[in-house]
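Chemist: Have a look at this one before I ask anything.
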Protein chains: 2
Amino acid sequence: MGDVHRARARTAAVAAQLAPSAPTPAWDAAVADLKATFPASQLSLDLKTRNQHGQSFGSLLPPAPPAAIVHALSTEDVVQVVRICSRRGIVLIPTGGRTALEGQFQATCCNPPPEERWNGPAGSDEEGHVEQKKRATASSRPTVHVSLSRMQDIRLYEQDFQAVVQPGVGWKSLNEHLAARGIKLFFPVDPAPGSEFGGMAGVAGSGTNAVGYGTLRAEWIQSLTVVLMDGSVIRTKGANRARKSTTGFDTARLFLGSEGTLGIITELTVRLAPVLPLKVALTSFPTVAQAVSTVVSILSAGMTPTSLELLDGTSIHGLNLAKLLPESLPEEPTVLMRFSNPDDKANFANLEIVRGFVRQNGGRDLKVAKNEKENDDLWTARKSQYWSQQLLVGEGCRTLITDVCVPISRLAEFVSRSDVLVEQSGLVAPIVAHIGDGNVHRAILWKGAPGETEPPRAVEKLAKQLVELAQELEGTCAGEHGIGLTKRKYLRAELGEGTLALMRTVKRALDPLNLLNPGKVLFDEDESV
Amino acid sequence: MGDVHRARARTAAVAAQLAPSAPTPAWDAAVADLKATFPASQLSLDLKTRNQHGQSFGSLLPPAPPAAIVHALSTEDVVQVVRICSRRGIVLIPTGGRTALEGQFQATCCNPPPEERWNGPAGSDEEGHVEQKKRATASSRPTVHVSLSRMQDIRLYEQDFQAVVQPGVGWKSLNEHLAARGIKLFFPVDPAPGSEFGGMAGVAGSGTNAVGYGTLRAEWIQSLTVVLMDGSVIRTKGANRARKSTTGFDTARLFLGSEGTLGIITELTVRLAPVLPLKVALTSFPTVAQAVSTVVSILSAGMTPTSLELLDGTSIHGLNLAKLLPESLPEEPTVLMRFSNPDDKANFANLEIVRGFVRQNGGRDLKVAKNEKENDDLWTARKSQYWSQQLLVGEGCRTLITDVCVPISRLAEFVSRSDVLVEQSGLVAPIVAHIGDGNVHRAILWKGAPGETEPPRAVEKLAKQLVELAQELEGTCAGEHGIGLTKRKYLRAELGEGTLALMRTVKRALDPLNLLNPGKVLFDEDESV
């Protein structure tokens, strides 16, 4: 490789020896700094609040409380926390709506040692409280959560279809804020209802509207204010709010999807879309292949559905058990569609064409909602699906939601081959898929045993098989829920060593002490994988 | 700042002393390596080809020929060039369609010393040839161009609305390739007609369709194969071709807009859109404010125009002089629209509503194209605008195309205040704007003097004033043409020191020897700014 490469390797080796490394964690000094900096109302050290922050809704990981929570009210607060944690060698994790499913913002980084795990609510058990606190502070990597949830300012630029929001604002709150003011704009990317913008940008996910509006990466986030681990504050686009710009690589894109490992987002400039009349329709098909073929026809025709959702026969069985719909549906692959056009006349015109596609593909007659109420009724099938699935297993039902995504041309094959895997596993695993994007959520269901802290082996095995099948079919392990802790093991096979190395290079350049949400997305280098 | 920060600063200082630096350029050895590696058909050392590659169509910078051009045929070829240039300390610049306007891919990096500038075609003047070659090779930073233009493979995944293209494919060629096969899909982002995908990704620009389809950053590029300066090859998404994924930050986004400074793109997975019927319409208004107000109404109604273009009275005067249209148009702010829907019935329905908006805003009656020919005739007004503008100044007309973009709420103010600046300058500067995005191109025109190598001071001054005005109005210096060499001076004021520092950090991490297209986007650290 020649002299230069040898020289570079030597230099790198020497530099590595000299590279900054985190100081020995000094927890007591950090707590003293935090207490000196923040009023009691912004600093939680009590077990009850820490336990609350140790959980993420819907995540199957054992809860892990942080050692302290700082409730930031401003960018300057975040800068202060960053400085204290850097100085004292304390791990720092941003947190918000706590809806991440893969452990993205969970405390104590990678693999919390067993003695640090939270083993159920401590309630008012004062002894337990003290005991647990001691353990956490004795950990070799005590963790501070900086919660952004209290940062909830919204600034609107209606004519520019823009809002500037703080990270604690939820997409639903923003939309309610707009509706309450009679402004006919909304933020169209719809992940979990409790998601806040900071975490949404961190995961860069999507929801039911991605087929129409794209994911969070489709220019919905125009600029970010970010606190970096050296304590500096950047606005990725400066004061520029224009719809387009080409001023070098877009540094905001580093933080979208980085799951809080590269910087802490304290403000977001987001783009809004006009609110349009929606029209929901539903039909079903003998096979998933026929459903896929119909969806490809709809997309090829250039129509603008916001959502194209698939529920399989098992999911529909759950819905029928729940008796939520006016009448039972045939228990076969069912496509729910939501169309969006400037007026309902155009929606109906679209749906007449869709009716033809459905017929050509052997589907049942298309049910089209005639009014707002029927829209809501039909959409209930989608909204209640998580809840109604539980009925398939009954009391004590637990759920592992998988999140693969495949090219639409491989979707029918994915479903049929994964049906075989489910059958072999003996488990129940209904499908809800964002069929227009090829994003398939099989919810693996089982009856949880008392005291169970992690999913049974058969569940883990099926989840792994589904990922491997998706990757074989040119798909991904993570369509919209991100990587966090639980999907890291699949990443090398999917992205290749080169891409991982590049991600590590960027991480090291931005967080040389590896204090910011370490061990998320990528394994820490000292972890045995 | 405490011990840790001091320790880090010390470590950084020591590391900087040890940091790899480019070896003394060894040009003769590099040429020997290149000759040993590539056949003569892939290596150009002759002045004629070098001169061709020293120019960029439409750029006002003095041409600057590279010292050699390698015509890559494969990713492996690019790896070989990277290795040779790294080993020998040679500056390496990727190149393609050479349509970049701001000197993005120009040879000899930042400020070519005068003796290296190309002073007109050498023709067959053998003495000049030798002379020039000597000078180039004597430069302290000899430059190799790696041209990607011969890499033109296209692979289609029709059902997935995807194409995998090599960087030498142009967006127009891809669309012709699809049309020739009867495939009703196209790539909708439309920068300069000669643009190739490698350079398009490098600049991350857009064109007339951005109001409907977004810019290149709106998920049109799904994955990249990139050669990094350590010789490694990454595929940013691995084998994953799914429509969506959330596998950490999207490393492809580092390269979009980085103008060839971070890696060399050798393959792109791009998304396609369905070809739909288009309908063009045109109207004009007494003032730009009324035109803007109409456009905001159209966008608020949720219609899907592909394009909303503004030509000012001066531009229309040029068109009238050119007599390209069946009849003269009123010389006042004119809006050209192109609507796109699944069928023409929907297009006409949209345009009936638009007719109302136009009337409410005091515009003239909307002219709607009745058929394909009338579509083309009306669109001529947009397509011929660059050419017809020249008539405003006459023979010897030269043009500096400006590229600011402002929030649409500030657009009318930008136009009226910039009209005053133009008036003061005594120059002619017609407007063509992508009004839906707030992206205003004022083309500053003047009669070039013989032997002129750069724009007159009055032209430079006006260009600078327009940028400063846009930045004052929360806009950008570069809506879609990128930064290159010519816009670097505006970047600090716009993005702030923090964002620039972050860009530098990433650049250093990926190209520690600073050999890959150095001095583009950001000033080199040793340049006097």
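Chemist: How long are the semi-axes of the equivalent ellipsoid of segment B:172-316, taking √(5λ) for every eigenvalue λ of the Cα gyration tensor, in whole Å from largest down? The partial results should precede the final answer.
Modeler: Values: eigenvalues 223, 62, 47 Å².
Taking √(5λ) for each eigenvalue gives 33, 18, 15 Å, largest first.
Chemist: Any idea what the relative contact order of segment A:160-297 is, in percent, if you count C-alpha pairs under 8 Å spaced at least 6 apart?
Modeler: On the way: 206 pairs, mean separation 42.4, N = 138.
Reported as a whole number, the value is 31 percent.
Chemist: Over all directions, what mean area does the Cα convex hull of chain B project, stated in square nanometres? Mind showing how you got there, number by number?
Modeler: Working: hull surface 108.3 nm².
That works out to 27.1 nm².
Chemist: Name the long-range amide H neighbours of residue A:169: under 5 Å, sequence gap of 5 or more, or other chain; modelled H, no Pro or chain starts.
Modeler: A:197, A:198
Chemist: Obtain the radius of gyration and the Kirkwood radius of segment A:36-90 from its C-alpha atoms and give Rg over Rh. If you can, show how the numbers build up before the last one.
Modeler: On the way: Rg = 12.6 Å, Rh = 12.4 Å.
Computed over Cα atoms, the ratio is 1.02.
Chemist: Shortest first and in nm with one decimal, please list how far the residue B:159 label point sits from its counterparts in the other copies (point 7 Å along Cα→Cβ).
Modeler: Nearest first, the other copies' label points are 4.9 nm away.
Chemist: Additional query: With contacts defined as alpha carbon pairs under 8 Å and 6 or more residues apart, what's the relative contact order of segment A:27-80 in percent? Don't jump to the answer; show the numbers that get you there.
Modeler: Numbers: 42 pairs, mean separation 17.7, N = 54.
Relative CO of segment A:27-80 lands at 33 percent.
Chemist: Would you kindly give the portion of the calculated P(r) for segment A:446-514 that falls above 20 Å, as a percent of all Cα pairs? Show your work: numbers first, answer last.
Modeler: On the way: 1061 of 2346 pairs.
Counting pairs separated by more than 20 Å, the tail of P(r) holds 45 percent.
Chemist: What average count of beta carbons from other chains do you get within 10 Å of the Cβ of residues in B:69-79? Let's see the in-between values first.
Modeler: Details: counts 0, 0, 0, 0, 0, 0, 0, 0, 0, 0, 0.
The mean count of partner-chain Cβ atoms within 10 Å per residue comes to 0.
Chemist: When the Karplus curve 6.51 cos²θ - 1.76 cosθ + 1.60 is applied with θ = phi - 60°, which whole-Hz ³J(HN,Hα) does each residue of segment A:214-222 get, with x for Gly and Pro?
Modeler: After applying 6.51 cos²θ - 1.76 cosθ + 1.60, I find x, 8, 4, 7, 7, 6, 7, 9, 9 Hz.
Chemist: For peptide B:208-219, what's the mean number of Cβ atoms from other chains within 10 Å of each residue's Cβ? Walk me through the intermediate numbers first.
Modeler: On the way: counts 0, 0, 3, 2, 0, 0, 6, 5, 2, 9, 6, 6.
Mean number of neighbouring Cβ atoms from other chains: 3.
Chemist: Across the Cα atoms of the protein assembly as shown, what radius of gyration and what greatest pairwise Cα-Cα distance (Dmax) are found, in Å?
Modeler: 29.4, 94
Chemist: Can you work out ³J(HN,Hα) from phi for every residue in segment B:93-107, in order, using Karplus 6.51 cos²θ - 1.76 cosθ + 1.60 and θ = phi - 60°, giving whole Hz and x for Gly and Pro?
Modeler: Once θ is set to phi - 60°, the couplings for segment B:93-107 become 10, x, 8, x, x, 6, 10, 4, 8, 10, x, 4, 10, 6, 5 Hz.
Chemist: A follow-up question, please. What is the local net charge at residue B:475, summed over the other residues whose Cβ is closer than 15 Å to its Cβ (Lys, Arg +1; Asp, Glu -1)? Provide the component values of the computation, followed by the final result.
Modeler: Working: positive: A:235, A:237, A:241, A:243, A:244, B:410, B:417, B:442, B:464, B:487; negative: A:160, B:403, B:413, B:437, B:468, B:472, B:474, B:480, B:494.
Within the 15 Å Cβ shell, the charges total +1.
Chemist: Run the label-point distances for residue B:468 please: 7 Å along Cα to Cβ, every other copy, nanometres, shortest first.
Modeler: Spelled out, the distances from residue B:468's label point are 6.5 nm.
Chemist: Hey, what do the phi angles of segment A:405-422 turn into as Karplus ³J(HN,Hα) couplings, whole Hz, using 6.51/-1.76/1.60 and θ = phi - 60°, x for Gly and Pro?
Modeler: 9, 10, x, 4, 5, 9, 5, 4, 5, 4, 5, 5, 6, 6, 4, 5, 4, 5
Chemist: Now for a different question. Which far-off residues, 5 or more places away or on another chain, put their amide H under 5 Å from the one on residue A:43, with H placed in the peptide plane?
Modeler: A:71
Chemist: Take every Cα-Cα pair in segment A:307-425 and report what % of them are more than 23 Å apart. List each step's numbers first, then the result.
Modeler: On the way: 2796 of 7021 pairs.
Counting pairs separated by more than 23 Å, the tail of P(r) holds 40 percent.
Chemist: Okay, moving on. Sticking to Cα atoms, compute the Rg of segment A:390-529 to one decimal and its Dmax as the biggest Cα-Cα distance, whole number, in Å.
Modeler: Here Rg and the maximum Cα pair distance are 16.8, 50 Å.
Chemist: Next question, about the same structure. Once the Cβ-Cβ distance between residue B:449 and residue A:179 is put in as r, and R0 is 51 Å, what FRET efficiency do you end up with, to the nearest 0.05?
Modeler: Values: r = 61 Å, r/R0 = 1.19.
The calculated FRET efficiency here is 0.25.
Chemist: So, one more: As I understand it, the value is the acute angle between the Cα axis of helix A:457-472 and the longest principal axis of the Cα atoms of chain A; what does it come to in degrees, rounded to 10?
Modeler: Around 80 degrees separate the two axes.
Chemist: So which GluC sites (Glu not before Pro) in segment B:362-443 are both in a DSSP loop and have at most 12 other Cβ atoms within 10 Å of their Cβ? Working shown, then result.
Modeler: Details: sites: B:372, B:374, B:395, B:413, B:423; in loops: B:395.
In loop regions of segment B:362-443 (DSSP not H, G, I, E or B), the sparsely surrounded GluC sites (Glu not before Pro) are B:395.
Chemist: Could you report the protein assembly as shown's accessible area per residue, 1.4 Å probe, as an integer in Å²?
Modeler: Details: 39610 Å² over 1058 residues.
That works out to 37 Å² per residue.
Chemist: While we're looking at this one, here's another question. In the structure displayed, which of B:461/B:487; A:507/B:507; B:172/B:383; A:461/A:487; B:383/B:464; A:279/A:345 lie more than 18 Å apart, Cα to Cα?
Modeler: Numbers: B:461/B:487 13 Å; A:507/B:507 13 Å; B:172/B:383 15 Å; A:461/A:487 13 Å; B:383/B:464 27 Å; A:279/A:345 10 Å.
Over 18 Å apart, Cα to Cα: B:383/B:464.
Chemist: Let me know the longest stretch in chain A that avoids all trypsin sites (Lys or Arg not before Pro) found in a DSSP loop with at most 13 other C-beta atoms within 10 Å. Provide the component values of the computation, followed by the final result.
Modeler: Values: sites that count: A:181, A:323, A:370.
Between exposed loop sites, the widest span is A:1-180.
Chemist: Using Cα atoms only, what is the angle between the long axis of helix A:313-322 and the major principal axis of chain A, expressed in degrees (0 to 90) to the nearest 10?
Modeler: Between the helix axis and the principal axis of chain A, the angle is about 90 degrees.
Chemist: Quick one: what does P(r) look like for segment A:240-297 with 10 Å bins over all Cα pairs, in whole %?
Modeler: It works out to 14, 26, 18, 27, 15, 0, in whole percents.
Chemist: Shifting gears a bit: Using the Kirkwood formula on the Cα atoms of segment B:328-386, what hydrodynamic radius do you get, in angstrom to one decimal? Spell out each step's value before the answer.
Modeler: Details: mean 1/r = 0.0789 Å⁻¹.
One decimal place: 12.7 Å for the Kirkwood radius.
Chemist: Please compute the contact order of chain B in relative form: average sequence separation of alpha-carbon pairs under 8 Å and at least six residues apart, divided by the residue count, as a percent. Mind dumping the intermediate values first?
Modeler: Details: 1020 pairs, mean separation 81.5, N = 529.
Computed over chain B, the figure is 15 percent.
Chemist: Let's test the formula: R0 of 30 Å, r as the Cβ-Cβ distance of residue B:327 and residue B:493. What FRET efficiency results, to the nearest 0.05? Before the final figure, lay out each step's value.
Modeler: Working: r = 45 Å, r/R0 = 1.50.
Calculated value: 0.10.
Chemist: May I pose another question? Note the direction-averaged projected area, equal to a quarter of the hull surface, for the Cα convex hull of segment B:414-462, in nm². Each step should come with its number before you reach the end.
Modeler: On the way: hull surface 15.3 nm².
Its Cα hull, projected and averaged over all orientations, spans 3.8 nm².
Chemist: Amide H neighbours of residue B:272 under 5 Å, at least 5 residues apart or on other chains, H built in the peptide plane: list them.
Modeler: Amide H to amide H, under 5 Å and 5 or more residues apart or across chains, residue B:272 pairs with B:162, B:163.
Chemist: Oh, and also: Can you pull the mean other chain C-beta count within 10 Å for peptide B:403-415?
Modeler: Numbers: counts 3, 2, 7, 5, 9, 7, 7, 4, 3, 0, 0, 0, 0.
What the average comes to for B:403-415 is 4.
Chemist: Return one number: the angle in degrees, 0 to 90 and rounded to the nearest 10, between the long axis of the Cα atoms of helix B:491-510 and the longest principal axis of the Cα atoms of chain B.
Modeler: Tilt of helix B:491-510: around 40 degrees.
Chemist: Would you give the gap between the C-alpha center of segment A:273-321 and the C-alpha center of segment B:405-478, rounded to a whole Å?
Modeler: 48 Å
Chemist: What does the convex hull of the alpha-carbon atoms of segment B:267-345 project to on average, in nm²?
Modeler: Values: hull surface 31.6 nm².
Spelled out: convex hull of the Cα atoms, projected over all directions, averaged, 7.9 nm².
The values are calculated or read from the model by the stated rules, or taken from the named source; none is laboratory data. All values reported here derive from a predicted model rather than from experimental measurement. Please note: Cβ atoms are built from the backbone with ideal geometry, for glycine as well, and neighbour counts cover all protein chains shown. Accessible surface areas use protein heavy atoms only, side chains included; no ligands, DNA or RNA. Shrake-Rupley method; radii C 1.70, N 1.55, O 1.52, S 1.80 Å.
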